[in-house]
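In what follows, a structure is listed as structure tokens, so that the remarks can point back to it.
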């Protein structure tokens, strides 16, 4: 019996669709799942009459794959990955390749890379983005590990199954060790930020303008003519879907608690370690944490007399209103569009800055223009912004921020007024917009030649003798603040 080209472990949504994708490009696949019934059903039903074979043990899987063996893991990050590696290693030989295609934490990937490499095998940490549809039809793929292993054993296969953009397949060698999983972590962190600012725009439209889900859907569809954003596109579709049971908009039937699998949190934690400010992304992670404490929010809101959507004065600015943030509906929508657009750019800017700093700190040698290129199709954050991001880094790989680039600086000059007004209006009506507010504050910090940190440093010197620098001469100084009291 001929050997398979690749073995794949884990037949969840991503795993089974990736197996189908690989087979459709002319490769044979052996699949394994810890639940034998899942393996049997997949091979006999979904993958019937295709070059996809079942295995019911790791030994059978390894024995069915041609050498050098390529074994891809599409399983839950964390301890399950280590458990599978433990069981695979005694069965593998020199030159065989373990490919972790899940959302593993990059430090875990470094540890596994070292362990597997010491045994004469290759370990590739491969970020894969695109969800169920992308896995089946072409995702964005971010492989990290040994470059020679990528070029000799994986490049052809991964290029075939990746999404295809006008300038090539959406896959490129990212860098050594954990670089692929690091870039995927940053991708997901940007995703958190963009999803949150879209959700905040939706919240303002429903609570301040009193717009229906259908009206908001139409607005997002119209706005998306500018961004061509996958996340905006699916948002319009979600808001247009009716609940089969009640006939109401389905989104109105969904509890306002959002889950998370850790990549956004890891991204924020690492940004802090690197000394990179990511306020938009951080606010998005915190917003999910806030959403999870539903019972606490209900208790606190009731103590302040806010028990439902009606407490927001829905439709307050459908007509003109007076006051410091007075506006009409059409003006607010224009401002909100600007706020959403610029906050989205800030989320991208924060992620790209992380990549620049991490590349230096961890020796990844990342090419930001290539990363932007492979995100242009297949992945969750794909949008028409990415060709401009790619172009910006081609022009200047070491740029300070996307905010200052030729591609985006004009947008900030023209549209920041609307951004400010939208945030002010939301806050005036008690609608939380943490990511939009944080993005705006980040922009204001970046564009402020003088910040309040001089007072903070004086306070630190007062209580801890931490010293300070002066604006008028070089050196390090300390004041005896208690002297003369």
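So, restricting to helices (runs of 4 or more DSSP H) that lie completely within region 370-475, which ones have at least 3 residues that are in the same structural domain as residue 336 (by TED's automatic domain parsing) and touching a residue at least 12 places away in the same chain (Cβ under 8 Å)?
Hits in region 370-475: 385-395, 409-428, 434-446.
Filtering region 209-236 down to residues that are touching a residue at least 40 places away in the same chain (Cβ under 8 Å) and over 20 Å from residue 342 (Cα atoms), which residue is surrounded by the fewest Cβ atoms within 10 Å (Cβ to Cβ)?
Per the stated criteria, the residue is 210.
Okay, residues lined up against (1) surrounded by fewer than 20 Cβ atoms within 10 Å (Cβ to Cβ); (2) closer than 30 Å to residue 267 by Cα; (3) at pLDDT 95 or above; (4) not assigned by TED's automatic domain parsing to the domain that holds residue 143:
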| residue | (1), (2), (3), (4) |
| --- | --- |
| 18 | no, yes, yes, no |
| 37 | yes, no, yes, no |
| 72 | no, yes, yes, no |
| 83 | yes, yes, yes, no |
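Among what's in region 260-279 and is outside any helix (DSSP H, G or I) and under 14 Å from the mean Cα position of the chain (by Cα), pick the residue that is modelled with the highest pLDDT.
So the residue we want is 278.
Could you list, in sequence order, all residues of region 31-56 that are part of a helix (DSSP H, G or I) and in contact with a strand residue (DSSP E or B) (Cβ under 8 Å, 6 or more places away or on another chain)? It would help to see each step written out before you state the result.
The first filter runs over region 31-56 and keeps only residues part of a helix (DSSP H, G or I), leaving 36-46.
Answer for region 31-56, where residues must be part of a helix (DSSP H, G or I) and in contact with a strand residue (DSSP E or B) (Cβ under 8 Å, 6 or more places away or on another chain): 39, 40, 42, 43.
Looking at the structure I just gave you, is residue 10 at pLDDT 95 or above and within 19 Å of residue 131 (Cβ to Cβ)?
yes
Is it the case that some residue within region 201-208 is touching a residue at least 24 places away in the same chain (Cβ under 8 Å), in contact with a helix residue (DSSP H, G or I) (Cβ under 9 Å, 6 or more places away or on another chain), part of a loop (DSSP other than H, G, I, E, B) and crowded, with 23+ Cβ neighbours inside 10 Å?
For region 201-208, residues touching a residue at least 24 places away in the same chain (Cβ under 8 Å), in contact with a helix residue (DSSP H, G or I) (Cβ under 9 Å, 6 or more places away or on another chain), part of a loop (DSSP other than H, G, I, E, B) and crowded, with 23+ Cβ neighbours inside 10 Å: present.
State yes or no: is residue 1 at pLDDT below 95 and either more than 19 Å from residue 103 (Cα to Cα) or assigned to a helix (DSSP H, G or I) (or both)?
For residue 1, the condition - at pLDDT below 95 and either more than 19 Å from residue 103 (Cα to Cα) or assigned to a helix (DSSP H, G or I) (or both) - is met.
Given the condition under 14 Å from the mean Cα position of the chain (by Cα), under 18 Å from residue 445 (Cβ atoms), modelled with pLDDT of 95 or more and not in a helix (DSSP H, G or I), answer yes or no: does some residue in region 280-296 qualify?
No - not one qualifying residue is present in region 280-296.
What about residue 319, is it modelled with pLDDT under 95 and assigned by TED's automatic domain parsing to the domain that holds residue 390? Break it down stepwise before answering.
Working: modelled with pLDDT under 95: yes; assigned by TED's automatic domain parsing to the domain that holds residue 390: yes.
Judged against the criteria, residue 319 is a match.
Would you say residue 364 is in the same structural domain as residue 197 (by TED's automatic domain parsing) and more than 19 Å from residue 342 (Cα to Cα)?
Values: in the same structural domain as residue 197 (by TED's automatic domain parsing): yes; more than 19 Å from residue 342 (Cα to Cα): yes.
So residue 364 fits the description; yes.
The values are calculated or read from the model by the stated rules, or taken from the named source; none is laboratory data. Nothing here was measured: the structure is a model prediction, and the numbers come from that model. Methodologically, a virtual Cβ is constructed for each residue, glycine included, from the backbone with ideal geometry; neighbour enumeration extends over all protein chains shown.
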